[in-house]
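The values are calculated or read from the model by the stated rules, or taken from the named source; none is laboratory data. Treat the numbers as computed from the prediction; the structure is a model and nothing was measured. Glycine also receives a Cβ, built like all others from the backbone with ideal geometry; neighbour counts cover every protein chain displayed.
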Amino acid sequence: MRHLPALLALSIALAACSIHTLVDENTRQSIAGRYSVDPQVAWSRVNQGGVELWTVDGPALESIRFYPGLRDGETFMTARDRTELPAFRADMQASEIMEFVVDSIARAGAGQVQATGLRPMNFGPLPGFRFELSYLTDNGLEMQGLVAGAATDGELHLIVYSGASLYYFPKYEDDVERIIDSIEML
Amino acid sequence: MRTPRNVVASALASLLWTACAAGGPVADLSPGQRPALDTDEAGLWMQMDRIEADLRTSGRVVRDPALNAHVRDIVCRLAPEHCRFVRVYVVQAADFNASMAPNGAMSVWTGLLLRVENDAQLAYLLGHELAHYLRRHSVQRWRAMHASTDAATAFSMVTAVAGVGLVGVAAQLATLDGIFAFSRDQEREADLIGFEMMVDAGYDPRQAAAVWRALIAELEVAEEGAQPIFFASHPAAEERLEALAARADAMPAPQGRASHDRHDAVTEPYRAAWLRDELRQRDFARAQVLLRRLIDRGGDLGDLYYFEGELYRLRGDEGDDAKAADAYEAALETGTAPPETYRSLGLVYWSVGRLDDARLAFEDYLRARPDADDRLMVEAYLQQF
């Protein structure tokens, strides 16, 4: 019985992890206290282990994920198989960060992952990068994505927007562009 | 979406509903034979049909006609009377694995195709899988397990095994293959039948043992817990190598088959992508053994040295920057290295502070790949030197 409070706390914590809240589209939103953005759309928001996930139609169809401040040695996704995952290294250049993202998505189970158009682009006031993604899900669904990020002071900020190529990705693509354009560091 | 665990649980639950006979010998599968509907085997097939339907649309199935025809042609040469009842799926996955579901769905992973050196080696492995199917090993194993334990225990054992995550739906057939963890005797029988099939079809019998010889080298350095799935339920590779080598030694070498070997030509367009998949596993010791073997075989050395450099760059241990640079330089000396070699060389030089060399390498990259779609990024790098 002495474990009961701990179990209760754990179950409450787990429940809290999956609480979705509605994003007020007219109010700037803080991303983990690191930067803020104009949300554009009334997204449904959930925090998954420090990662902010925003979606309207469900993460399987489209989502924007904010990874604030990934540190040296940390991984980006969870793998379905047994060997080691790609990890972020603080001395990575943009080409290597793109490779890290692509390898992680492939290890998470996506097929035919391709990244294109790596180019410099500011992330708020930080010098950053952008690129586009395409891949297939386990179910054969064609997905598209865009990634914005910046590595600064040994930390990696990433924003990954992905969605089904048919209808869902284009549906909010312009809104996501405006979200990225609106980044202000806190 | 169904998870592998759920699929397997439902498969086994349905089997538990079906009164099944005690384990024992069963007749070989006749061409086109399907089990009677009131049997446990029919329940198994039905569940496999559902998993196969998911696999059919999976994003990890490689649909290239030439590659599929290559595997399929060998299946048909090995078992011509059964071949139209076998469906082959080439699955993009970096591991040495193939599996055969009891309903005739065969999956062959690209990691296996990368490691196999010729048609004969592939024929032996496909023959092994076909043997499980033809001898109906899955249902034999299920019945034996059901007879030796109570149903609930069998169920919990099986679902525990099924919880081992692999690569999504594409791996479900392999997972189920593992669940029915063929007995060592069944594996030996499949080896024997696979060997006989390859010999009857005119392939070089010595290649069966060569498969294991190469894999043992990888097995010895594999990360703990990351050994090839194919080995998980199989007798020791050394035992198989010895048995197959002895059997091959007792036979005359076949005549005139090597000239028809298509494996290298058919898989060549995919080799770079499959090597990239191997590096994504981050099991660098194993990838190093594989690369060294491919280099020793004398493939496209420009590509292979480039990937050796990539291995060191990604591993990032002490001294790896220098090893990566050496490998990239060796790749470039061959004259067949991909233009990306310059870019990787630039990144390595940059990380060790050789900025002039980095600048030259990035400039070479843009010259070698004038239409590079990351040109703007590389130009931004150059502005920093």
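Only one of B:360, B:301 is in contact with a Ser or Thr (Cβ under 6 Å, 6 or more places away or on another chain), surrounded by fewer than 22 Cβ atoms within 10 Å (Cβ to Cβ), more than 14 Å from every other protein chain (Cβ to nearest Cβ) and of a type outside the set (D, E, K, R); which? If you could, list the steps in order and put the result at the bottom.
Details: B:360 fails: in contact with a Ser or Thr (Cβ under 6 Å, 6 or more places away or on another chain).
Of the residues listed, the single one that is in contact with a Ser or Thr (Cβ under 6 Å, 6 or more places away or on another chain), surrounded by fewer than 22 Cβ atoms within 10 Å (Cβ to Cβ), more than 14 Å from every other protein chain (Cβ to nearest Cβ) and of a type outside the set (D, E, K, R) is B:301.
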Original post:
Within the bounds of the range A:2-21, is there any residue that is more than 14 Å from chain B (Cβ to nearest Cβ), part of a strand (DSSP E or B) and at pLDDT below 95?
Top reply: yes
**OP:** For residues that are in contact (Cβ under 8 Å) with a residue 24 or more places away in the chain and not in a helix (DSSP H, G or I), scanning just the range B:363-373, find the one that is nearest to the other protein chains (Cβ to nearest Cβ).
**Re:** B:372
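Kindly indicate the residue of the range B:341-357 that is among the small types (Gly, Ala, Ser) and part of a helix (DSSP H, G or I) and also nearest to the other protein chains (Cβ to nearest Cβ) among those meeting that condition. Walk me through how you get there before you give the answer.
We begin by selecting, within the range B:341-357, every residue among the small types (Gly, Ala, Ser); these are B:344, B:346, B:351, B:353.
Next, only the ones that are part of a helix (DSSP H, G or I) stay: B:344, B:346, B:351.
Numbers: B:344: 8, B:346: 9, B:351: 6 Å.
Taking the candidates together, the pick is B:351.
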Subject >> Residues satisfying the stated conditions in the range B:211-270, i.e. modelled with pLDDT under 65 and outside any loop (DSSP other than H, G, I, E, B) >> reply: B:229, B:230, B:231, B:258, B:259
Original post:
For the range B:71-103, how many residues are more than 14 Å from chain A (Cβ to nearest Cβ) and either of a type outside the set (Phe, Trp, Tyr) or on the phi > 0 side of the Ramachandran plot (or both)?
Top reply: 23
**OP:** Output yes when any residue across the range B:329-340 is surrounded by 15 or more Cβ atoms within 10 Å (Cβ to Cβ) and within 13 Å of chain A (Cβ to nearest Cβ), and no when none is.
**Re:** yes
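When you scan the range B:305-318, do you find a residue that is closer than 23 Å to residue A:104 by Cα, away from every other protein chain (no Cβ under 11 Å), in contact with a Pro (Cβ under 8 Å, 6 or more places away or on another chain) and assigned to a helix (DSSP H, G or I), even just one? Even if it seems obvious, please write down each step before you answer.
Filtering the range B:305-318 for residues closer than 23 Å to residue A:104 by Cα gives B:306-317.
Pick out the ones that are also away from every other protein chain (no Cβ under 11 Å) and you get B:306-309, B:311-312, B:317.
Applying the additional criterion that residues be in contact with a Pro (Cβ under 8 Å, 6 or more places away or on another chain) yields B:306.
This time we only want the ones that are assigned to a helix (DSSP H, G or I), so: B:306.
The answer is yes; a qualifying residue exists.
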Original post:
From A:117, A:124, which residue is more than 9 Å from every other protein chain (Cβ to nearest Cβ), of a type outside the set (A, V, I, L, M), in contact with an Asp or Glu (Cβ under 7 Å, 6 or more places away or on another chain) and surrounded by fewer than 21 Cβ atoms within 10 Å (Cβ to Cβ)?
Top reply: A:124
